[in-house]
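Notes follow the structure.
The values are calculated or read from the model by the stated rules, or taken from the named source; none is laboratory data. All values derive from a computational prediction rather than experimental measurement. Cβ sites come from the backbone with ideal geometry, for glycine too, and all protein chains shown count toward neighbours.
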2 protein chains.
Amino acid sequence: MVTLAEVARHAGVSASTVSYVLSGKRPISGPTRERVRASIERLGYQPHAGARALASSRSRIIALMVPLRTDMYVPVMLEIAVAVATTARAHGYDVLLLTGEEGPPALRRVTGSGLAEAVILMDVQLDDGRLPVLRGSAPPAVLVGLPADPAGLNCVDLDFAAAGALCVDHLAGLGHREIAVVGGSPGVYARHTGFAERTLCGLRERAGHLGVGLLHRPCDGSHDAVAGVLARILDERPGVSAFVVQNETAVEPLLALLRRTGRAVPEDVSVVAVCPEAVAAQASVPLTSVAIPAQELGRRAVERLFARLTDPGGPDATGVELLAPVLTVRESSGPPPARPVTGRRAGTPSPPGA
Amino acid sequence: MVTLAEVARHAGVSASTVSYVLSGKRPISGPTRERVRASIERLGYQPHAGARALASSRSRIIALMVPLRTDMYVPVMLEIAVAVATTARAHGYDVLLLTGEEGPPALRRVTGSGLAEAVILMDVQLDDGRLPVLRGSAPPAVLVGLPADPAGLNCVDLDFAAAGALCVDHLAGLGHREIAVVGGSPGVYARHTGFAERTLCGLRERAGHLGVGLLHRPCDGSHDAVAGVLARILDERPGVSAFVVQNETAVEPLLALLRRTGRAVPEDVSVVAVCPEAVAAQASVPLTSVAIPAQELGRRAVERLFARLTDPGGPDATGVELLAPVLTVRESSGPPPARPVTGRRAGTPSPPGA
DNA sequence: GGACCACGTCGAAGCGCTTCGATTTCCTCG
DNA sequence: CGAGGAAATCGAAGCGCTTCGACGTGGTCC
């Protein structure tokens, strides 16, 4: 391994000079700088990360805690993670991957040992167990998500409440009076995952305002689960003419089931999703949807983190940033039918023979 | 920040004694050990990662390079990544997240700077640009995937060729004589991604042996793309009675389309998938499938890496490990119909009005 | 023309840890 | 009963880097 000292010797200067060429923290004359650069290149020198971290007490690493669970939003999670890594690299930082499983101790470990300078947390729950470690500003942190009490925390998220409201606005504007919400898996609600609850609040609040009926059902992503939930919804509220879906994996099953039971989208029922653009655009009926801007979330999280690392008093150094939701109208939403569709209309394939 | 020296002072011993208590590399008497442990606890001491890495020249970090692309197998990738992180932690290591985007320089950077001791690569292509950096054993590395020439490399993967053969065996055993393969997106093949090509080889080879017709078509995951591919397949080879799908996102669209065109699964056509268990089990028709053991792959990759770090001459320290594929029969495969189904049989919903 | 000030460079002192003798103490054995 | 050795501990020398004060050197100012 090539060391700073060897580069210095090769270039005929002192070690500190090489260091200053690298960091630019003191002026070095043009010729010297070039000579040093040449030696670095020539010897293939790479500064030792550990030594650097020790001497400067900055590791140039941030930790990213991703949920271990796989019951929700997997592609979104990966997309955020990749965006975080990419953005961090652009700032000269690397990213350490932590699984949610390890919980608060992992945060203490990586920050307490100086391994990571700061952390980004995903999949934040309303009353997250990791929050106490972060309150105040023990280790600098940014949450992707919004807990119940964000005081003293730095958070970025999509404004899911506004997203919910937007969906209701859109559908109510088209004339729908009864809306059903197909939510994430029950576990998501049981854990009080922020985004799910907030969407629901937004939906309910706006529906209440507009006098629109709203029925919410959590739902697993399996075809059978969707079938069950759909049947129950149609049974309880035959007047439902629109669905809001907040569950990527339930989208296709729902569309398939509606089709199979003779309900045309959007002529008979409208469907609006809260999901990534890619999912909405690729669905069997291109979906009117509120996008989940995964990449943007990852990017902003890192940027807020660096804003805070550089200037702890700056505007982005604390507080909550909610990205405004955008609803894109595609082909899955339209006015409700003149007369509600109450039952099946077209044939289905004959049941499997034995 | 609490240092080793402070712990030593607090416990009334020398710094080296504390270090030996921590590492266990020299015997320390019971009482002393306890006293030191108490001081560590009391002061909340955490060893400084950088200092440790510098002194021992071991960072206790491995790098994981995940593909940036999102055109394929996203949930599988995340699952592997999480398994890698979890397994590495069990060995006392942390995981650095690298995106494929940075390519070979990133590998040089993290290993050359001593940041990571070793690397794990995902999404390996047959002639991967990152391989030259790894040949021989410059930095210890394990690939999840299999390049064209694995000489001198350490690889783990599902035996996709065997998986392909297994699918053909199963279908041919049921009596099918014409099989269509719905593959990954065209980009996957254009990049010569190992697993896709290997599956295809396995399929072709076995089909050739058994005298079964095989038609392969790459396919994007969007509903429209699947519709196009399906139409072309049925047009070219009306005799096709079975499909092998190696594309998670194409599974539901395919099932929906078959249903819509009046082809019952498995009565009229059989479908076999190469995909994660969860996808197969949750599909609208539970799929006969060859599982992609994402977790197992991540786990084995890390274990091989540590085998190599501990004993460079050991059995797992080099070479290729291919996991045997397992085909699980579910409800989507059965004997072909007595007479081939050549066209649509049942009605579809009327086309959308303007 | 001597005092002063950048500018560019060097030397040395750590950063917090590991690790290798060296040292001390206490047994054990012939 | 003294030599030899094992067990337990200490001290010091780095690991490779950053950073601070010091030190020439040349130009500028009155």
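Taking B:LEU323 as the residue in question, decide whether it is closer than 19 Å to B:ALA90 by Cβ and of a type outside the set (Gly, Ala, Ser). In short, no. Total residues in segment B:269-284 satisfying the condition of being modelled with pLDDT of 90 or more, buried (at least 21 other Cβ atoms within 10 Å of the Cβ) and facing chain A (nearest Cβ under 10 Å): the figure is 1.
Residue-wise test of (1) among the aliphatic types (A, V, I, L, M); (2) more than 28 Å from A:VAL95 (Cβ to Cβ); (3) within 20 Å of the chain's Cα centre (by Cα).
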| residue | (1), (2), (3) |
| --- | --- |
| A:VAL245 | yes, yes, yes |
| A:SER270 | no, yes, no |
| A:ALA281 | yes, yes, yes |
| A:PRO286 | no, yes, no |
| A:VAL302 | yes, no, yes |
| A:GLY314 | no, no, no |
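Exactly one residue among B:VAL229, B:VAL181 is assigned to a strand (DSSP E or B) and either of a type outside the set (Asp, Glu) or free of Cβ contacts under 8 Å to residues at least 12 places away in the same chain (or both), and that residue is B:VAL181. Check whether at least one residue in segment A:29-37 is of a type outside the set (Lys, Arg), touching a helix residue (DSSP H, G or I) at 6+ places or on another chain (Cβ under 8 Å) and near DNA strand C (Cβ under 7 Å from one of its atoms), and report yes or no. Checked against the condition, which is being of a type outside the set (Lys, Arg), touching a helix residue (DSSP H, G or I) at 6+ places or on another chain (Cβ under 8 Å) and near DNA strand C (Cβ under 7 Å from one of its atoms), segment A:29-37 yields at least one hit. Output yes when any residue across segment B:197-220 is out of contact with any Cys (no Cβ under 6 Å at 6 or more places or on another chain) and within 14 Å of chain A (Cβ to nearest Cβ), and no when none is. Yes, segment B:197-220 contains a residue that is out of contact with any Cys (no Cβ under 6 Å at 6 or more places or on another chain) and within 14 Å of chain A (Cβ to nearest Cβ).
Quick check, is B:VAL142 more than 10 Å from every other protein chain (Cβ to nearest Cβ) and part of a strand (DSSP E or B)? When the stated conditions are applied, B:VAL142 passes them.
For segment A:229-240, filtered to residues that are out of contact with any strand residue (DSSP E or B) (no Cβ under 6 Å at 6 or more places or on another chain) and more than 13 Å from chain B (Cβ to nearest Cβ), the residue that is surrounded by the most Cβ atoms within 10 Å (Cβ to Cβ) is A:LEU234. Filtering segment B:170-189 to residues that are surrounded by 18 or more Cβ atoms within 10 Å (Cβ to Cβ) and closer than 27 Å to B:GLU321 by Cβ leaves B:HIS170, B:VAL181, B:GLY183, B:GLY184, B:VAL188.
Return the total of residues in segment B:304-337 being over 30 Å from B:ASP169 (Cβ atoms), surrounded by 15 or more Cβ atoms within 10 Å (Cβ to Cβ) and touching a residue at least 60 places away in the same chain (Cβ under 8 Å). Result for segment B:304-337: 6. Selection of helices (runs of 4 or more DSSP H) fully inside segment B:1-117 by the criterion of at least 2 residues being away from DNA strand D (no atom under 13 Å from the Cβ), away from chain A (no Cβ under 11 Å) and over 30 Å from B:ALA273 (Cβ atoms) returns B:30-43, B:103-112. Restrict the check to segment B:168-184 and report whether at least one residue is at pLDDT below 95 and under 24 Å from B:VAL66 (Cβ atoms). Yes, some residue in segment B:168-184 is at pLDDT below 95 and under 24 Å from B:VAL66 (Cβ atoms).
Within segment A:251-268, none of the residues are away from chain B (no Cβ under 14 Å) and touching a His at 6+ places or on another chain (Cβ under 7 Å). Against the condition within 12 Å of DNA strand C (Cβ to nearest atom), closer than 30 Å to B:VAL66 by Cα and without any contact (Cβ under 8 Å) to a residue 40 or more places away in the chain, how does A:ARG52 come out, does it pass? Yes: the conditions hold for A:ARG52. In segment B:156-168, the residues that are more than 14 Å from B:HIS216 (Cβ to Cβ) form Cβ pairs under 8 Å with partners that are of a type in the set (D, E, K, R) and in a strand (DSSP E or B), at six or more places apart or across chains, as follows: B:VAL156/B:GLU321; B:ASP157/B:GLU321.
Here the condition is being surrounded by 20 or more Cβ atoms within 10 Å (Cβ to Cβ) and closer than 18 Å to B:PRO253 by Cβ; of A:THR249, A:THR288, it holds for A:THR249 alone. Candidates in segment A:55-96 are the residues that are touching an Asp or Glu at 6+ places or on another chain (Cβ under 6 Å) and farther than 16 Å from A:ALA118 by Cβ; of these, the one that is nearest to DNA strand C (Cβ to nearest atom) is A:LEU68. For B:ASP123, the conditions (1) over 29 Å from B:GLY221 (Cβ atoms); (2) in a loop (DSSP other than H, G, I, E, B); (3) away from DNA strand D (no atom under 16 Å from the Cβ) all hold with the exception of (1).
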